[in-house]
Amino acid sequence: MQQRYNLIALLSLCLCLGLAESRTRPKALPITKYVYTTGSSSHVESLLGTSRPSPEAYKTVRNAFAHYEESRSLGYDLELDSREVQANETIMKAKINEYAEGEITPHLFNPSQHIFKVLDAINKTELFQLLRHMPKGAVLHAHDTALASTKVLIELTYKADLWICQQTGDLSAEAMRFAKEKPAALTDAGQNCDWSLLSDVRRERGAEAVDEYLAERLTLYPTTDFLDNNDAWTKFMKIFALLDGLLMYAPVWGEYYYKALEEFLADGVQYLEFRTLLPTLYDLEGTVYTPLDTVRIYVETLNDFMSKSENSAFIGSRMIYAPLRNTDTEGMLGYINTLKEIKEKYPDFLAGFDLVGQEELGKPLNVFIDQLLQVPDDIDFYFHAGETNWFGSTTDENLIDALLLGTKRIGHGFGLVKHPVVLDLVKKLNVAIEVSPVSNQVLQLVSDFRNHPCAQFFADGYPVVISSDDPSFWKATPLSHDFYIAFLGIASQHADLRLLKKLALNSIQYSSLSADAKYDALSKWQMKWDEFLDYVNNVSPNGATSYSSHGQSIIGT
Ligand SMILES: [Zn+2]
């Protein structure tokens, strides 16, 4: 509650200052004087004279100007030690090579193209190989049924008793389900299919053809150009629907999570805070499961994972309970009851609360203010907000409600740059922005990453963390592809290892972990960071070129 009171005080202060400024701002000034009068930096203002400077003086002012602007960028406050300086040279060489080639042939620059078209090419770049090895800290924004690779999903479909619902004579899959006996055909809600054992379908049509079909059906590939973002979301939601019967089978649920954690750790992610709907699971014995059982399976699986010596570098994982936003008052009260039960039974595993589903077609936060204000103060909010291009829409204004409700982080915040007061407060209150670049492109909010609004967040030192949202659906690695895009395509050419390190540190700082746990987390990350520096500096003592042939072998996807 304290934070909310502070927020209101801060908001009042901002409003007062704004009024005072507009009262005192002189009107009808020539443009040069206007810059002088309203420029936000006294450092820069003091350098600007009233008459034309000599070329030498101009050069001095320009250097100071550039330096000052850079000093506001994310990561500038970090100082690199000698090992980091050496690693930085290798990393920047790899980055600048790609950047410079891109300037000559912009249409071939990987971040200017759709990720589906350039994924293989990215995997072969020196920069991506380096980023794969980098300990990137935490993923703080990802959805639990879109974590693991397609490879893991296909392997899970080889389990016994899995049925697939298809239209006659067609390989298409509308649903999957584990059952001892053949389930009844699906004929309602636009579905019209009948069930066959997947093992029989594989025998008839060949395992390779079936696996190839499923591998595509479980991602958004190959479409790079949906009609609009609603069209992209429709296909996106169909993948979740197809996965439901496979993943909600209780014996599979924990296994999927375990395999996802393995893949995250292998990609340099040591901590995961995931959103979950907490679906009701099922099994072949007809056991009745509750959402609390789903949490129990998560906790047991995580404990098992953490107990293995090969996973000793892993920091942990927590869940954000995030049910569907398209509900009514009664539904929301039901969510809040479940939330309180989880908090009581699994306080260490619960990070907080959010609402999910396409923001633009779901209900805005504003509809549920009365209920959300009833959530106890010791449960934090981590709201999706502003995942839209519609300036001024209710979805866009979720940003205001998320902030006023005291959200600890903002999921996406794509529309933030259009809300100056929200932006001011995000920085003052240290509310992290969870940016998932690849997701924003695939779901059609931005096509060329160089136009991503996060460029402003980087340039002006906003509290940003980079995340991956649903990496499984775009065949991306758990975090490396998003880091590659953010570093090469969104950040300045000049952004270097300090930005990368800052993003990793931010992901721990802005996690829901307690201060003590963050301290332990940072020491686990530091060990990996030291290994990374040794790796970059030893493997590539003469520059990035010698790294390439070695690095390519680590990519299995
Ligand atoms: Zn999300």
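Rounded to whole numbers, the Karplus 3J(HN,Hα) couplings from phi for the stretch 293-302 are 5, 4, 5, 4, 4, 4, 5, 4, 5, 4 Hz, using 6.51 cos²θ - 1.76 cosθ + 1.60 with θ = phi - 60°, and x at Gly and Pro. For the stretch 248-334, the set of trypsin sites (Lys or Arg not before Pro) satisfying both a DSSP loop assignment and a count of at most 12 other C-beta atoms within 10 Å is given as Lys308. Think of the chain as having a plus end and a minus end, set by charges on the Cβ of Lys, Arg, Asp and Glu; of Val295, Ala504, Ser149, Ala504 sits farthest toward the positive end of this dipole.
Excluding same-chain neighbours fewer than eight residues apart, the lysines reachable from Lys59 by a Cα-Cα span under 29 Å are Lys33, Lys93, Lys95.
Have a look at the DSSP beta bridges in the chain and tell me what percent are antiparallel, nearest 5. Don't jump to the answer; show the numbers that get you there.
Numbers: 9 of 35 bridges.
Given both bridge residues lie in the chain, the antiparallel proportion sits at roughly 25 percent.
By the helix-only formula, in which each DSSP H run with n ≥ 4 contributes -39500 (n - 2.57) and the sum is divided by residues, the chain has a 222 nm mean residue ellipticity of -15000 deg cm²/dmol. Each peptide in 437-445, 416-424, 244-252 gets a packing score, the mean of other Cβ atoms within 10 Å over its residues, and the list from highest to lowest is 437-445, 244-252, 416-424. Helix 497-509 axis versus longest C-alpha principal axis of the chain: approximately 60°, rounded to the nearest ten.
For the peptides 388-400, 163-175, 260-272, the ranking by packing is 260-272, 388-400, 163-175, with the highest mean count of neighbouring Cβ atoms within 10 Å listed first. Which of the listed residues, His452, Val85, Thr327, is farthest toward the dipole's positive end in the chain, when Lys, Arg count +1 and Asp, Glu count -1 at the beta-carbon? Farthest towards the positive end: Val85.
Take each of the peptides 138-150, 485-497, average the number of other beta-carbon atoms within 10 Å over its residues, and list them starting from the highest. If you can, show how the numbers build up before the last one.
On the way: 138-150: 24.8, 485-497: 22.2.
Ranking the peptides 138-150, 485-497 by packing returns 138-150, 485-497.
Computed from backbone phi with θ = phi - 60° and the Karplus coefficients 6.51, -1.76 and 1.60, the 3J(HN,Hα) list for the stretch 81-98 is 7, 5, 5, 5, 4, 5, 4, 4, 4, 5, 5, 5, 5, 5, 5, 5, 4, 5 Hz; x is used for glycine and proline. Shown in residue order for the stretch 263-274 are the 3J(HN,Hα) couplings computed by the Karplus curve 6.51 cos²θ - 1.76 cosθ + 1.60 at θ = phi - 60°: 5, 5, 4, 5, 8, x, 10, 9, 8, 9, 10, 10 Hz (x for Gly and Pro).
Assign unit charges at the C-beta atoms only (+1 for Lys and Arg, -1 for Asp and Glu), then state the dipole size of the chain relative to its Cα centre in Debye, rounded to the nearest 20.
With only Lys, Arg, Asp and Glu charged at Cβ, the dipole is about 1600 debye.
Relative to the dominant Cα principal axis of the chain, helix 420-429 is inclined by about 80°. Computed from Cα atoms, the angle from the helix 2-24 axis to the main principal axis of the chain rounds to 40 degrees.
A short reminder: the numbers here are calculations on the coordinates, not readings from a lab. All figures in this text were calculated on a predicted structure; none of them were measured in a lab. Please note: Cβ atoms are built from the backbone with ideal geometry, for glycine as well, and neighbour counts cover all protein chains shown.
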